[in-house]
Structures are given as C-alpha cells and as structure tokens.
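Colleague: Can you keep this structure in mind? I'll have questions shortly.
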Amino acid sequence: MKITFTFHAEERLKKRKLLKEEVIEAIEHPDKTIKKHGSYYYQKNLGRGIIEVVCEKTEKSLNVITIYWL
C-alpha cells in the first residue's frame, strides 16, 4: 500500500525532528495500533521516545495526517 504524507504531516516531521523512514517503520511495524473515529493510530518506541502516527486509509493508499510524540 502506498504511504503519502499531507503537507501538515511533512511540517510535523521537520518540527519534531523525525525522518520519513522512522514514520514508515512505525506504520509497518507498530508496537500498538488503535482504530478510532475512522482513523488509524500507530505507536512506536524509537528509543528516544514514543511517536504516534495518525493515518486515514483509502482503497489505494495510507495518508499520514499528523505525527507527534507521546
């Protein structure tokens, strides 16, 4: 499945000093996944903290909406 990043998510990557590869790793191999309100929340411990990645699924792609530290 194709993973795309919204403009907002791209900005959050920079602000929170994260790499796209770290976010993709969190989506593909999460420590925890939560589905609520039609969105998917992927949590991953990166060693320097836990991130949560909020995504919306479509038929052909997974859209990253935002990323933040827990």
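Derivation of every value follows stated rules applied to the coordinates shown; laboratory data play no part. Source: prediction; values computed, not measured.
Colleague: If N is the number of residues in the chain, what value comes out of its Cα radius of gyration divided by 2.2 N^0.38 Å?
Modeller: In units of the globular-protein estimate, the chain measures up at 0.99.
Colleague: L46's amide H: which non-local residues (gap 5+, or another chain) put their own amide H closer than 5 Å, with H modeled 1.01 Å from N in plane and none for Pro or chain starts?
Modeller: Those lying under 5 Å, H to H, from L46 are I51.
Colleague: Another one. Give the long-range amide H neighbours of T66: residues separated by 5 or more places, or on another chain, with amide H under 5 Å away, using H modelled in the peptide plane at 1.01 Å from N.
Modeller: Excluding prolines and chain starts, which carry no amide H, the hits are V54.
Colleague: Which percent, nearest 5, of DSSP beta bridges in the stretch 2-69 are antiparallel?
Modeller: 80 percent
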